[in-house]
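FYI, it's all coordinate maths here, none of it is from the lab. Worth saying up front: this structure is predicted, and the values here are computed from it rather than measured. When we count neighbours, we look across all protein chains shown, and the Cβ atoms used for this are built from the backbone with ideal geometry, even at glycine.
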Amino acid sequence: MTKNLNLWVIPLLPLIGAAINGLFGRRFKNALVSAVALLFTGVSFGWAAWAVWTAWPGSGIALPHIETLPFPWIVAGNFSAPFGFYLDQLSMVMVLVVTGVGFLIHVYSVGYMGHEGGYYRFFSYLNLFMFFMLTLVLANNYLLMFVGWEGVGLASYLLIGFYFLKDSAANAGKKAFIVNRIGDFGFLIGMFLIVQHFGTLNYDSVFNALKDAAQFPVDPGWGWLTISAICLLIGATGKSAQVPLYVWLPDAMEGPTPVSALIHAATMVTAGVYMIARSHAIFNLAPHALELVFVIGCLTAFFAATMGVAQTDIKRVLAYSTVSQLGYMVLACGVAAYAAGIFHLMTHAFFKALLFLGAGSVIHAIGGEQDMRRMGGLRKKIPVTFWVMTVATFTIAGFPPLAAFFSKDEILSGVYASPHAGHLLWAIGVITAGLTSFYMFRLWFMTFFGEYKPEADLGDAHLAPAGHAVAAAHGSSGHAASQADDDHGHGHSGVHESPWIMLAPLVILAALSIVGGWVGIPRILGGHNAIEHFLAPVMEPSPGAIQAQELVKNVPNATEIAHEYAEAHPNAAEVKTSTEWVLTGISVAAAALGLFLAWLLYYKRPELPDRITAKARGLYLLVLHKYYVDEGYGALFVKPLLALSTVVLWRGMDQGLIDGLVNGAGSVSKGVGNELRRMQSGNIRSYAAWVVVGGAAVVAIMIWLGVR
Amino acid sequence: MVHQVLFIVFGLICVAGAVNLLVQRHPINSALSLVVVMASLALIYLLLGAEFVAAIQVIVYAGAIMVLFVFVIMLLNAGSEERTRGSRIALFVGVPGVAALAGIVAWLLVHSGGQLGGVTISSSNFGETHNVARLLFRDFLLPFEVTSVLILIAIMGAVVLGRREN
Amino acid sequence: MDTKTFIIVAVIKIALVVFIMLTGVAYTTWLERKLVGRIQNRWGPTRVGPFGLLQPLADGIKFILKEDMIPDNVHKGLFILSPMLALTMSLISIAVIPFGETITVAGYTTALQISGVTHADGLISDINIGLLIILGVTSVGVYGVALAGWSSNSKYSLLGSLRASAQMISYELALGLSLVGILLLSGTLSLRGIVESQSGTWIGFVPRWYIFPQIIGFFIYLLAAFAETNRIPFDLPEAETELVAGYHTEYSSMKFAMFFMAEYVNMFTVACLASLLFFGGWHGPTFSFLPPIAQALLPVLWFALKVFFFIFLYIWIRGTLPRFRYDQLMAFGWKFLLPLAIANIIVTSLIVAWGA
Amino acid sequence: MVPLSWYLVLSAILFSLGVFGFLLKRNIITIFMSIELMLNAVNLSFVAFANFWHSHPAKLASGVDVVPLSGHVFVFFVMVVAAAEAAVGLAIIIAVFRTRETLNVDQVNLLKL
């Protein structure tokens, strides 16, 4: 008897919370609003934990555990999409991450948003987001997942545009939504193809069907399987901000910081990776698609990292780092190391959320200032935040004991081992790792070391106006808002540590980002890679990836098999362990190099960066302006679209055709009327003439008929 | 032979009267020429054996309607027509129309002239009053009554229109 | 009987009848002036010839010799045409009036009627719509009067002609309808046929004349006829007191004479018609002892007597009755005579239908 | 024996003259008279055909044999209609003259009396 976990409670609770806050929030006091929000999210987290605990593998409940609600949702002919919930190892991880990190961020935002306007609105949106994310994660078919997918897009739009009075925020929200929609378009096409070929969208039936290789052989060329995989990939790039459709994430920083933390670091952006991981069976049978995946992943990782280096806004740096880390995850999925990808996703959720919340706390501390050049020397003023940020920075850079070291290493080794162009990708990966640690430590040094210079002139004209305006605008709103409750004078003099309600989640996250990695310690370092085994049943290896598995990973049942294997193939193992060590060493070295450079440029000799930028003017500008991608898109798509719609649709069609027709009909009848009016001249003899002509005509016709 | 001579004579009188109707400037002259036309038509009817119709033609047309016309012309005494430039349409559309009409009819008559037989001076009491009367009051009784109603309405109309608004 | 002889006979008959008619007209004028004179207790013309018998001749010569003056800005054509029109229209009706049975002269028998035709089998037939023709001609006769007044371009004559034509049009109706009674009884439109149908007698001595069954018809006819000929009670058009001479004011000499003759010929026509339709035409007691030629002419004598009676009636009435006012005249015509005539027709047709 | 077509030609000529008068004349009464002329032309053809059917009995398409005298009856009805029309027409002409002081048809073009 499979125990009924009624999983539907988990997403429903945040929905109820959102409804209550949304409908009655205006009349509630802030405390009550936050109480409601926290209560429902907390209970949902508890329920999820209980559900995961009861359904833990080996606890008698067969995974994947599917529960479908009784009432039908969409039934059309033989196609039906029920309200079904799907719990297996992958969704367990995701549920825990989403509810856990989500709850912590809720707690944090109680403090952070305390003195902002529209408090109840913020929390109802946040709860709404939780509802949609949980639906996405727990759905048992692509359609319900798509509902979550769109819902999450909506929530991100609402939250990015929270300060809707600011044009830039509204535009950013709009941009995020539109870019996501473009991605969703691809996802839809993919779903259509799946429906066409499988007749259903339910995961279990699709993946079981894919198992028998006879009916669905590996798709060598560009068959429909590859196409559908690519379409799913497009959806993922849209949602997880990969190369072509990443432009919305940096602008999404317009929203309040907890939003960026929750949505643009921990949960929403990972949806794409989750989707790829979830539909790994499809991708495994489409090698070309996989190639495309890891190409995009690698590109995104590298470029985002380079862009991150030149940013001066603290949140933008973190945004680009998110994009680059997501690039890593997609790269992992690309080389069929899905487990590694998910592992990195989990650890990333912890330290990236921590980084964002830390940055939020910093911004909160100095009264809303986001530009790093105006920060400095905050080490002593906000010590707790400093230590928490230090942990996060060292984690993301990839230093050994911390979480990211393990997950990133997993990915790099997976990449290294992958048969097609593994070594090149690995090289790029390591360079990106170096860059990542460089710009993180740059941020670290600029924010916490040196002296506090609130009035630093941001005179560098070449800075993108948007950024500048944003900072100023946000600053003012921040000032205004903080002015409201911050009694002691102008913001800069009153640098104060954030209240404990904000610091507690930071500390927890810091602990998690330290501990998080230990779950997946690789075999060579003594661990038995628990996360790997945990996810293995979900991620049965694709044919293409089997060699990689043998090279790097042993079979699921613990180290003894590994040892036998090692004896059986000594050299493979040898090669394997020695290369393993080498890889790990190189990645740590890259991280250290990044630290040293950052220390050198931003602590030791702060004037160096200006000299370097002066020398490599062109390159610096290029990077600063984010390779002119936004402008490119604008010119390539937006302007022609606008031109098309004004010239062709509006002027040509609407004005010319439709109005033309309508007015034309009017003027034609007027003209005809005018002509005929002359007939009624009152001149009797003209009437006579017409009568005669008529008579003649009738006679002629009759005769013609008669004679004929 | 006599029939043809008489027909041609009366026909010519008819046409002459009709042309005179057009040519004359003063309506009284054209009215009288119309009376001549009607009288000659009455005679042609006699040729065709239609005695009753001829008599009625004389009494009703020549004797009543034309008298009415002459009476109105005398009463109004409007003088002869002045040469106002008439509507061009009448000339450019009407005249060709009539020409076309006449042409068509003439063509038809010439075309089918052959098949139609001749018309003889009927000696028998063909068009006598009692034959026409029997037909009129038996087969065509309803139209007869309807025309009487028509006449009644015409009389009322004439009275109402003719009355001087006081 | 070939056409040549037919034409000769016709010409002779026409000449004879016209001559008799005109002299009759002339001497009617004399008779009228003598009678009116006697009525008004004076002698009338006595100077010219014994008892003024040559007076008509003198008048004739006078009319012929007088200057034929045509006033200017007069519609010349119509001015001259209208008297001729009046005279010819009135003369035409004589052609249809039968005087008697037949007469054989020099072995050739012919009907005593201008338009009468004697067939080989002795049957006499005349125009079978004679009455209609007379009605037609009288209605066309209106033109003469109307045009005369209008063409002489003077107020009085115009007013006179308008009144005359209005009067004649209105009374024409009554005239026509009054005769319908007789048609119902006789069943034919030809005058000879009507006269034939009046031969014989009712209960012995009463002659079968239509005067007795159609007494109302007779009176309507008489009044309408008087109006048609513009004679005294209805002679408003040329009422001397009001319109100088009515429509023939501007006329002089011969044209005036024509109008005058036209009027008297009309009187004669009316008289003949009355005697034909109501007094049985030439039917009268026949005396066997007369020689054949006299025997043949006796009916004509009867007919002449009856006509003379009516002419006498005309003149008698002229001498006694005053003139109608115009509205009385019109009202009498439309509101009294016409309904009466229609009533008469209805009654007669009921009797005939009941009889059949 | 006169061929029927002569009568029809005469009728056509009279009719055309009537239409010409109807078109070219400017005096309302003259126009009215030309209409009467047209009606008379039609009457002539009726009577001519009546005589023609009398001497050449024929059957209608529906099998009913043609009644020769119907021509005369029809002429009778035409006359009645013409009389009615003349009466009303002349009354209108008088009314027009009373307000317009002219009988010229070109001046009477205000679509009301």
message: To make sure I understand the rule: partners must be lysines, Cα under 23 Å from the Cα of D:Lys112, and not fewer than 8 residues away in the same chain. Which ones qualify?
response: D:Lys25
- prompt: Roughly how crowded by other chains is peptide B:31-38, in terms of the mean Cβ count from those chains within 10 Å of each of its Cβ atoms?
  reply: 5
- line: For the pair C:Ile80 and A:Arg379, the simple spin-label estimate (label points 7 Å beyond Cα toward Cβ) gives in nm 15.0 nm
- request: Scan the range A:344-376 for chymotrypsin sites (Phe, Trp or Tyr not before Pro) in coil per DSSP, keeping those whose Cβ has at most 16 other Cβ atoms within 10 Å, and list them by number.
  value: none
Semi-axes of the equivalent ellipsoid for the range A:596-708, Cα gyration tensor, largest first, Å: 86, 16, 8
field: Computed Kirkwood radius, in angstrom, where 1/r is averaged over Cα pairs of the protein assembly as shown
entry: 43.1 Å
- prompt: For chain C, what is the Kirkwood estimate of the hydrodynamic radius, computed as the reciprocal of the mean inverse distance between distinct Cα atoms, to one decimal in Å?
  reply: 21.6 Å
A:Ile701 paired with D:Arg100, simple spin-label distance in nm, labels 7 Å along Cα-to-beta-carbon: 3.1 nm
field: Furthest towards positive pole of dipole, A:Gly634, A:Thr613, A:Ser669, structure part the range A:584-685, Cβ charges
entry: A:Ser669
- line: With the range C:86-236 reduced to its Cα atoms and the Debye formula applied, log10 I(q)/I(0) at q = 0.12, 0.17, 0.18 1/Å amounts to -0.63, -1.03, -1.10
- line: Expressed in nanometres to one decimal, the distance between label points 7 Å along Cα→Cβ at A:Tyr628 and C:Ala353 is 11.5 nm
- line: For the range B:2-126, Rg(Cα) over 2.2 N^0.38 Å is 1.31
field: Descending Cα extents along the principal axes, the range D:4-107, whole Å
entry: 55, 24, 19
- line: Taking alpha-carbon centroids only, the range A:22-85 lies from the range C:292-319 a number of Å equal to 139 Å
field: Compactness of chain A as Cα Rg over 2.2 N^0.38 Å, two decimals
entry: 1.17
- prompt: Suppose every K and R has +1 on its Cβ and every D and E has -1 on its Cβ; what is the size of the dipole of chain A about the Cα centre, in Debye to the nearest 20?
  reply: 1940 debye
- request: Could you sort B:44-50, D:104-110 so that the peptide with the highest average Cβ count within 10 Å comes first and the rest follow in order?
  value: B:44-50, D:104-110
statement: Among the range D:47-71, those whose backbone N falls under 15 Å of a label point 7 Å along Cα→Cβ from B:His3 are D:47-57
message: Need the C-alpha centroid separation for the range A:675-708 versus the range D:34-113, integer Å.
response: 19 Å
message: Beyond a 19 Å Cα-Cα separation, which of these cross-linked pairs lie in this structure: A:Lys174/A:Lys239; A:Lys166/A:Lys453; C:Lys34/C:Lys66; C:Lys62/C:Lys255; A:Lys315/A:Lys352; A:Lys315/A:Lys626?
response: A:Lys166/A:Lys453; C:Lys34/C:Lys66
query: Which three lengths, in whole Å and largest first, does the range C:230-356 cover when its Cα atoms are put on their principal axes?
result: 55, 46, 25
message: Cut-off is 10 Å between beta-carbons; in what order do C:Ile311, A:Ile342 appear when sorted fewest neighbours first?
response: C:Ile311, A:Ile342
query: Most exposed first by the Cβ proxy, i.e. fewest other Cβ within 10 Å, how do C:Ser125, A:Ser44, C:Ser190 rank?
result: C:Ser125, C:Ser190, A:Ser44
- prompt: How do A:375-388, C:334-347 rank on mean C-beta neighbours within 10 Å, highest first?
  reply: A:375-388, C:334-347
task: Run down the lysines and flag those whose C-alpha is under 18 Å from the C-alpha of C:Lys306, throwing out any fewer than 8 positions away in its chain.
output: none
- line: In whole angstrom, the spacing between the Cα centers of the range A:386-433 and the range C:102-168 equals 141 Å
task: Pick out the long, greasy-scoring helices in chain A: whole DSSP H runs spanning 20 Å or more along their own axis by Cα, mean Kyte-Doolittle at least 1.0.
output: A:9-24, A:30-54, A:89-112, A:119-138, A:142-160, A:224-240, A:287-310, A:338-365, A:383-397, A:422-448, A:500-515, A:684-707
Reachable aspartates and glutamates from C:Lys155, criterion Cα separation under 17 angstrom, eight or more residues apart if same chain: C:Asp72, C:Glu238, C:Glu240, C:Glu242, C:Glu250
Sites C:Leu57 and C:Ile317 - FRET efficiency at Förster radius 30 Å, r taken between beta-carbons, to 0.05: 0.65
